[in-house]
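Heads up: the structure comes next, in structure tokens.
The values are calculated or read from the model by the stated rules, or taken from the named source; none is laboratory data. Keep in mind that this is a model prediction, so the values were computed, not measured. Neighbour counts run over all protein chains shown; Cβ positions are idealised from the backbone, glycine included.
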Amino acid sequence: MGIRFILMVNKQGQTRLAQYYEWLTLEERRALEGEIVRKCLARNDQQCSFVEHRNYKIVYRRYASLFFLVGVDNDENELAILEFIHLLVETMDRHFGNVCELDIMFHLEKAHFMLEEMVMNGCIVETSKCNILSPIQLMDKTS
Amino acid sequence: MEQLKTIGRELAMGSQGGFGQSKEFLDLVKSIGEARSKAEEDRIVLREIESLKRRIVEPGIPKRKMKEYIIRLVYVEMLGHDASFGYIHAVKMTHDDNLVLKRTGYLAVTLFLNEDHDLIILIVNTIQKDLKSDNYLIVCAALNAVCKLINEETIPAVLPQVVELLGHSKEAVRKKAIMALHRFYHKSPSSVSHLLSNFRKKLCDSDPGVMGATLCPLFDLITNDANSYKDLVVSFVSILKQVAEHRLPKAYDYHQLPAPFIQIRLLKILALLGSGDKQASEHMYTVVGDIFRKCDSSSNIGNAVLYECICCVSSIHLNPKLLEAAADVIARFLKSDSHNLKYMGIDALGRLIKLSPEIAEQHQLAVIDCLEDPDDTLKRKTFELLYKMTKSSNVEVIVDRMIDYMISINDNHYKTEIASRCVELAEQFAPSNHWFIQTMNKVFEHAGDLVNIKVAHNLMRLIAEGFGEDDDTADSQLRSSAVESYLHIIGEPKLPSVFLQVICWVLGEYGTADGKFSASYITGKLCDVAESYSSDETVKGYAVTALMKIYAFEIAAGRKLDILPENSVIWHMECQSLIEELSASHSTDLQQRAYELQAVIGLDVRAIGSIMPSDASCEDIEVDKSLSFLNGYVEKSLEKGAQSYIPENERFGMVNISNFRNQDQLEVTSHGLRFEAYELPKPSVQSRTPPISVASSTELVPVPEPSYYRETPQTAPVPSSTDTGPSGLKLRLDGVQKKWGRPTYSSSSASTSNSSSLKVVNGVTQVDGVSSGNSKTHETSYDSRRPQVEISEEKQKLAASLFGGSSKTERRSSTGHKVAKASSHASEKFHTSKSTTIYSADNAVEKPNLVQPPPDLLDLGEPIVASSAPSVDPFRQLEELLDSTQDPGTFGGTKAPDFMALYAETPAGGRSAGVALPLSLNRDGDNLIPGLSNASSNTVHGGTTVTNPSQISKGPNVKEALEKDALVRQMGVTPSDLGFTLLLFLLRSRYMEKATSSAAPAKIGGGGGGSRRQSDLNRSFKLAIRSLLTSCSKQELAKAFSNFSNAEQESLHRLFIQDEFESLCLETQVGTALETVEQLVEEKNLDPLFSEKSNIMDAVQNLSMAKRNEIHYLMGMLEKAEEQNRCLQDRVELLRQKMPDDSGISVVMEKFKSGILSYGTCSDGI
């Protein structure tokens, strides 16, 4: 499975994007988001970017006001996931140009589309920015 | 500043305008963004829900507006509120033709619904449609949805299309299709078990993205079963090498590192494959070493790859050099200031420690630092490392540390985990009993009820059994120290229930064992426990039982006087009141225990001693199931005249005859689940013989098959191989001819005069081998234009013997091969000129993905007959060729076996069908079926001799295949009338899906009746085909016949499917259906009034069309023949020049000319 979920949360703990790769009910999502966001936001910069939570790990990274949290299985390479987050941000940056929280909020579906290209079934399937963005750009053109 | 930025963005967006977002939406997003608390956010969302509920149902919402609503719904759900009222609109949006809307719809649906939601059923159809779209982006969107929404039940609905998309021209589609298969594998491994080879294939995809994605499913497959993929080690290593050498497109680089995510996944796969496999590991050493050297250790991603290398090294077979490199990297990680790297370093150290414990020693200080670190994550990781490096020398320190940490944390999940680790370590390495008990006490005290109840049971057992040493004193010491410590602890408030259970049990069992404590002291303590934890029934139950044990032991030890309630001080008032209270307890369990206690202490010493033996908790309790101790009582009763006991089953049978009893017993035994497999269906001859078949045929039919085998001595090995294969994949070739070559079909043969004799002959042929000149055993070739082909009995027999043994080699060499070279060319051309569908089987080998028509009678796959003599006199060949065309009699006698062989063998290119075709034509020539026989068939005789000089010898299974086909041929159906032929054809054409569509009209002509039945048949065939194509795994077959070439496996697979198919036909009662139709047709034919005009018109039209086709086709043949003639003439000319005085040549020429002449006359006769 690898990646179980990807969350984007701002520093107030408000969810900005949520993508789960295993089905959770609305209540479960709420509870989980509350729990892990509290855990991660409480940490400082010196501490490492990984948090163990129940039987999986959360790898998180902060960009300005936005936290990216990725829940992964225990055997996943944490550093690689950390860099995957950065790749995601770089990709969004390339598309939106200096991406910020509001870009994601206003273009929630596009952020999702990018994730759809990058991650399938909880596995990282695409890491080339051109490949990730080309369908989205094509869609922009047609619309 | 942030506000400014926000405004700026809004302005920017407003200027772009193209996004088409309404002010409403912008306001919503802004207000959500500006919400300062969760409560405020909730208020906004609730308001939004109200407005959406109202507006989304308004009629005539513009699509763009709808899209916005859907995204607002996504927001609602994302922020934790239910948006189910709008799901249906998201579903509707997936139906839209506009790509953006469609994809948004799919996105929303995947976010809203889980795979078991009721609405999914509405989407599956859309997905199916979209998977076929020309727009690859739509296909991609649909595949995304497939990966999220398809569950086990809906897999079959999309599976064929997904498989097809694996060959799509767009790499994005291929990639997503592979991931869809991956998802199916997760959901239901069996659904794609026959498609797993696709993952291997896609590993070699030209696009690196597809290859990278394929690694994901392969990783899962290898995790489950590494051994089946050992052959890929070399491929993975070479891919990794290429990736590391920067051979992938630059686009995959990340921070100057070539495709690091692919590298990491490959390393993970290699770690799995190399685990415990020295040979596989040796392939990997170089490339892993290279990566160690090349990786940039200054970037995070470089370190991520390095970490994965360490994981790989620790998993594969040990290599000192790599180990050293790994240790260096770990040292760097641990020395780094970054907590992330330290974390990775600790983790990596934990992996290497089992290979080389001394590495940890170098990093002692770093490890201690991490242990002291305030960062919880790092601390835990370090504890994990400590857990791995625990041994008896350091167990005390480590477990103490762990317990301290356990006490300090609140996270129940981790508390449980660390507690169980402490217990495990304590059990494994405890230096002393005292320490062990103390440690366990601490764990129980602090982790309390988080500790798994099993741990408690384990502890009790451990105290009872001791540490396994034979030293009894050590065991009793352990028990005393346990009792002592428990008596000490028992006074503490709020002990966890699990711990109290242990305490009660131990006190009851061993409290008085060493005599240190008096029974009264302990019972007092137990009563206290029962009282202070009065709400915990389990603890109370334990306490009461412990009390009972102590009293029992006391009584058994003879201290009876002290204990009886009446005269004892020990019997506390406390205790008495407790027992009384429990006797009236609501819990039946407690009640029972209390009564038991009272009953037990009232018994005498001997009885108590046997009820409650001291220190016997480890003894097995023997239960005398036969109740032998009652024997005396029974005997006494019998003496007094009581009736003896009759077992239940006998009681039942008493009244009836013994026979019935047997039956009854049988029934009894047959109840319940059967675990052995049901036996394979036997080819039951009787059941297959249709009920209306004529008596003579029913009698004869069963005979031919076995006698046929018996008659052909060379086939001896063949049946044996059929019989021995026990696997389910075994090709059941026996009885095949009856399925297709049903005698009842021939019973209503066209020529009514000889129909009955035909049947007899048909049977007799096989039995006696009597050759009968005028008997016509028709065969339905799959090419319905020439369905009626005659095979003489002689041929059949010879063919049969040919398939079995070596004789064919001789015969082969005696006939013309060389001519083949020239004529094969012609025949090949002829094939290609025909409709391609018919010969799709020809390409089977080259295109494995091609959906092949299930095996037909003529479809022999690639069986290959023995090699031929390479050098044959061309003249003789020529002569023979001409002979055969002129003289059907000799032809039948001498050539037949050859043709059978020809038909079976495959010219290198796999043109099996191509060979089969001329064969049937060849028979046409002899048969002279009116209307279909033609001059060109002579020409095709040339084609018949098409053989490939290079023939490969075949295995036994191929022989079987050949034999089967021979049988099919022999028992060939004799189509009785057109109506029947129509059905048969229909059957076949359905069955072959693609083939012979052009030829259909020819046969449809005469078919009047039974159209309803046809549709029924059609349905059943569709059903059959679907189930066939989905159920028969080529993989399995390939596995079973692994020593065969792909082509052979292919053909076997087809044969296998055929078998399956035929049994399905039987199941669906195609036979009876056919016969009923046949009957109907016959009846209609008898009835002169029954002839619908339209039918006749149809017939005429169809017939004329067929004729036209036929003529067209024959013209083509003619041309081919002429060309061939020219070739031959040239050749003869050449030869004549070479050998001018060879008198034989003129004879040949003569023959040849007459051949051409006869050919000419025939063609005139069209």
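Data table
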{"quantity": "Counted residues, the stretch B:388-409 - those being more than 14 Å from chain A (Cβ to nearest Cβ) and in a helix (DSSP H, G or I)", "calculated": "15"}
{"quantity": "Flag if A:Arg4 is among the basic types (Lys, Arg), more than 8 Å from chain B (Cβ to nearest Cβ) and within 20 Å of A:Ala111 (Cβ to Cβ)", "calculated": "yes"}
{"quantity": "Top-ranked residue of the stretch A:91-109 - restricted to ones that are facing chain B (nearest Cβ under 10 Å), farther than 18 Å from A:Val9 by Cβ and touching a helix residue (DSSP H, G or I) at 6+ places or on another chain (Cβ under 8 Å), ranked as surrounded by the fewest Cβ atoms within 10 Å (Cβ to Cβ)", "calculated": "A:Phe96"}
{"quantity": "Any chance A:Glu76 is of a type in the set (Asp, Glu), more than 8 Å from chain B (Cβ to nearest Cβ) and surrounded by fewer than 19 Cβ atoms within 10 Å (Cβ to Cβ)", "calculated": "no"}
{"quantity": "Which listed residue is surrounded by 22 or more Cβ atoms within 10 Å (Cβ to Cβ) and within 12 Å of B:Ile127 (Cα to Cα), from B:Leu181, B:Leu215, B:Leu143", "calculated": "B:Leu143"}
{"quantity": "Total residues in the stretch B:130-161, condition in contact with a helix residue (DSSP H, G or I) (Cβ under 8 Å, 6 or more places away or on another chain) and either away from chain A (no Cβ under 13 Å) or not in a helix (DSSP H, G or I) (or both)", "calculated": "15"}
{"quantity": "Residue list for the stretch A:7-23, restricted to those being assigned to a loop (DSSP other than H, G, I, E, B), surrounded by 16 or more Cβ atoms within 10 Å (Cβ to Cβ) and either more than 10 Å from chain B (Cβ to nearest Cβ) or touching a strand residue (DSSP E or B) at 6+ places or on another chain (Cβ under 8 Å) (or both)", "calculated": "A:Tyr21"}
{"quantity": "Residue list for the stretch A:116-140, filter: surrounded by fewer than 19 Cβ atoms within 10 Å (Cβ to Cβ) and either more than 10 Å from chain B (Cβ to nearest Cβ) or part of a loop (DSSP other than H, G, I, E, B) (or both)", "calculated": "A:Gln137"}
{"quantity": "Failed criterion for B:Glu41 (all others in (1) buried (at least 17 other Cβ atoms within 10 Å of the Cβ); (2) assigned to a helix (DSSP H, G or I); (3) under 47 Å from the mean Cα position of the chain (by Cα) hold)", "calculated": "(3)"}
{"quantity": "Residue match in the stretch B:47-70 (condition: under 18 Å from A:Met105 (Cα atoms), in contact with an Asp or Glu (Cβ under 6 Å, 6 or more places away or on another chain) and assigned to a helix (DSSP H, G or I))", "calculated": "no"}
{"quantity": "Pair list, Cβ < 7 Å and 6+ apart or interchain, from the stretch B:334-347 residues that are at the interface with chain A (Cβ under 9 Å from one of its Cβ atoms) and assigned to a helix (DSSP H, G or I) to residues that are among the small types (Gly, Ala, Ser) and buried (at least 22 other Cβ atoms within 10 Å of the Cβ)", "calculated": "B:Asn340/A:Ser49"}
{"quantity": "From A:Ile58, A:Ile36, A:Ile85, residue being in a helix (DSSP H, G or I), more than 8 Å from chain B (Cβ to nearest Cβ), under 21 Å from B:Arg265 (Cα atoms) and not charged (D, E, K, R)", "calculated": "A:Ile85"}
{"quantity": "Some residue of the stretch B:159-173 being touching a Gly at 6+ places or on another chain (Cβ under 6 Å) and of a type outside the set (A, V, I, L, M, F, W, C)", "calculated": "yes"}
{"quantity": "Residue count for the stretch B:620-646, restricted to those that are among the aliphatic types (A, V, I, L, M) and not in a loop (DSSP other than H, G, I, E, B)", "calculated": "3"}
{"quantity": "The stretch B:187-208 - residue that is in a loop (DSSP other than H, G, I, E, B) and of a type in the set (S, T, N, Q) and, of those, nearest to the chain's Cα centre (by Cα)", "calculated": "B:Ser188"}
{"quantity": "So B:Ile70, is it buried (at least 20 other Cβ atoms within 10 Å of the Cβ), β-branched (Val, Ile, Thr), under 24 Å from A:Tyr21 (Cα atoms) and in contact with a Leu (Cβ under 7 Å, 6 or more places away or on another chain)", "calculated": "no"}
{"quantity": "Subset of the stretch B:586-637 [modelled with pLDDT under 80 and among the basic types (Lys, Arg)]", "calculated": "B:Arg606, B:Lys625"}
{"quantity": "The stretch A:39-53, residues that are at the interface with chain B (Cβ under 9 Å from one of its Cβ atoms) and of a type in the set (Asp, Glu)", "calculated": "A:Glu52"}
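Matching residues to (1) of a type in the set (Gly, Ala, Ser); (2) buried (at least 16 other Cβ atoms within 10 Å of the Cβ):
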{"position": "B:Ala280", "(1), (2)": "yes, yes"}
{"position": "B:Val288", "(1), (2)": "no, yes"}
{"position": "B:Asn303", "(1), (2)": "no, yes"}
{"position": "B:Glu308", "(1), (2)": "no, yes"}
{"position": "B:Tyr343", "(1), (2)": "no, yes"}
{"position": "B:Ile346", "(1), (2)": "no, yes"}
{"position": "B:Gly350", "(1), (2)": "yes, yes"}
{"position": "B:Pro357", "(1), (2)": "no, no"}
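Residues checked against (1) touching a residue at least 12 places away in the same chain (Cβ under 8 Å); (2) in contact with a Gly (Cβ under 6 Å, 6 or more places away or on another chain); (3) within 13 Å of chain A (Cβ to nearest Cβ); (4) surrounded by fewer than 16 Cβ atoms within 10 Å (Cβ to Cβ):
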| position | (1), (2), (3), (4) |
| --- | --- |
| B:Arg47 | no, no, no, yes |
| B:Arg55 | yes, no, no, yes |
| B:Ile61 | no, no, no, yes |
| B:Lys65 | yes, no, no, no |
| B:Leu79 | yes, no, yes, no |
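Table: residues versus (1) at pLDDT below 90; (2) under 15 Å from A:Glu78 (Cα atoms); (3) among the aromatic types (Phe, Trp, Tyr).
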position	(1), (2), (3)
B:Gln279	no, no, no
B:Lys294	yes, no, no
B:Ser297	yes, no, no
B:Cys311	no, yes, no
B:Ile316	no, no, no
B:Ala327	no, no, no
B:Phe333	no, yes, yes
B:Asn340	no, yes, no
B:Glu361	yes, no, no
